[in-house]
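Taken together, the values in this text are just the output of simple stated rules run on the coordinates, not laboratory data. Remember, predicted model here, so these are calculated numbers, not experimental data. Because the Cβ atoms are built from the backbone with ideal geometry, glycine has one as well, and the counts that use them run over all protein chains shown.
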Amino acid sequence: MKTRLLTLLVLFVAATWAALAQQRAAPPTTGLSPDSRSRLPLAKPGVEGVEAIRLHGSGVDIRWSSALGRDLTELAILTAARGHDQPYEWSLHEMEALAVALDPKIIDVVRHRRPTAGLPEKAAAIIEVGRETFDKHALSSATYTRALNALGKTNLVDIVMLMANYAATATRLTAFNQHMPPGWKQTLPLPFTQPNDIHPDSRSRLPYMKAQAGATPGPLYSRGLAPEGTGPGQITRHGSGGKQLEAGVGRRTMALAVLVTSHEHHQAYHWARSEAAARKDGVEAALIEVVQQNKPLAGVTENDAAIVQLGRELFRNHTVTPETYQRALKAFGERNLVDLVDLMARTVNDLTLLTAFDQR
């Protein structure tokens, strides 16, 4: 008996040393800071993930005050709009980009997904970062290093934060099928035909809602481009700002919406955290498996199926069919659906940062 135990102990020790030797021999993960487990060093003890990444930004209003200039910040916005096939966001910001002297040839490179060879280095780096982050849901070490060298750390963080913000806006605009106002030209070639289930006044799936009395516009040069009655501001008016969402649909449905968004963007760090939160909030293991393994929705309850299908179409196809929209509208009601989409959009913002800076 003693001999057998001694033999097992020797085998265990040998296996342990072999595993440790293999770990030591394996190359370290390229470009990751060991304290933050991302491409950026730890900025503040105890802060990790998205919050830690944002601490590396400049703190300025990036679109208007970035050291890179308005032409390159508009380029970043156009790159996000192109990455999400978002025609409203693209068309309005193309006008803005031309107004601040972004070269039309650069705009066409983004519009038609052409190679960036021959472009100025900063412009090329911004486009490539956006393309990989949004199209591949992964940013290669080579492209990250190129952008870091071209822009510097602070400007790179700022640009990704700006693209993340407009990726979130694209999510809202697409879910509610925002069309251009009458007489305005749509200038982005799309791989689909936009559905026509829109209200004539708002040009979206949501009826026109006037701004609250007493609302005042911001400073002249920081006002949005969206004509009154259209755009992200009009969409937001239909929600409660998230304060009533938990009471309206419950934490379980909210956790499921985040989980679907996380899965569709293939970000392992975020998935691990959102899966744990979903289980805590009551999302069943079988439903998590449906999301994780892209299983059919047969047998899934109507409300769960509605939010999963909405997320799949929104993030895979960059358009939502009228049938899927109506299904979600029936399941949750207008206000709760607006707030659920807003939750998904804010998750997209976080996922963009986690992907670009390779958070582990």
Inset, instruction - Evaluate 2.2 N^0.38 Å with N set to the residue count of the range 74-225, then give the Cα radius of gyration divided by it. - result: 1.12
Inset, instruction - Enter the angle in degrees (range 0 to 90, nearest 10) between the Cα long axis of helix 121-131 and the first principal axis of the Cα atoms of the chain, meaning the one along which they spread out most. - result: 80
Legend entry - Helix axis angle, 334-356 relative to the chain longest principal axis, alpha carbon, degrees: 50
Legend entry - Likely footprinting exposure, Ile126, Ile159, Ile307, fewest C-beta neighbours within 10 Å first: Ile307, Ile159, Ile126
Legend entry - At 0.890 mPa s and 25 °C, Stokes diffusion of the range 46-141 via Kirkwood alpha-carbon radius, µm² per second: 173
Inset, instruction - Would you calculate, for the chain, the mean residue ellipticity at 222 nm contributed by helices, counting each DSSP H stretch of 4 or more residues as -39,500 (n - 2.57) and dividing by all residues, to the nearest 500? - result: -18500 deg cm²/dmol
Legend entry - Rounded to whole Hz, the Karplus (6.51, -1.76, 1.60) HN-Hα couplings of the range 303-316, x for glycine and proline: 5, 5, 4, 4, 6, 5, 5, 4, x, 4, 5, 4, 8, 8
Legend entry - Ellipsoid semi-axes in whole angstrom, largest first, where each is sqrt(5λ) of the Cα gyration tensor of the range 238-356: 19, 16, 15
Legend entry - Spatial separation of Cα centroids for the range 314-360 and the range 240-256, in angstrom: 14
Legend entry - Lysine pair count for the chain [Cα-Cα under 25 Å; pairs on different chains or 8 or more apart]: 15
Inset, instruction - Specify the inter-centroid distance of the range 33-59 and the range 118-155, based on alpha-carbon positions, in whole Å. - result: 19
Legend entry - In order through the range 245-261: 3J(HN,Hα) via Karplus (6.51 cos²θ - 1.76 cosθ + 1.60), integer Hz, x for Gly, Pro: 5, 4, 5, x, 10, x, 5, 4, 5, 4, 5, 5, 4, 5, 4, 4, 4
Legend entry - Cα coordinate range in the chain, projected on the principal axes (Å, largest first): 88, 52, 38
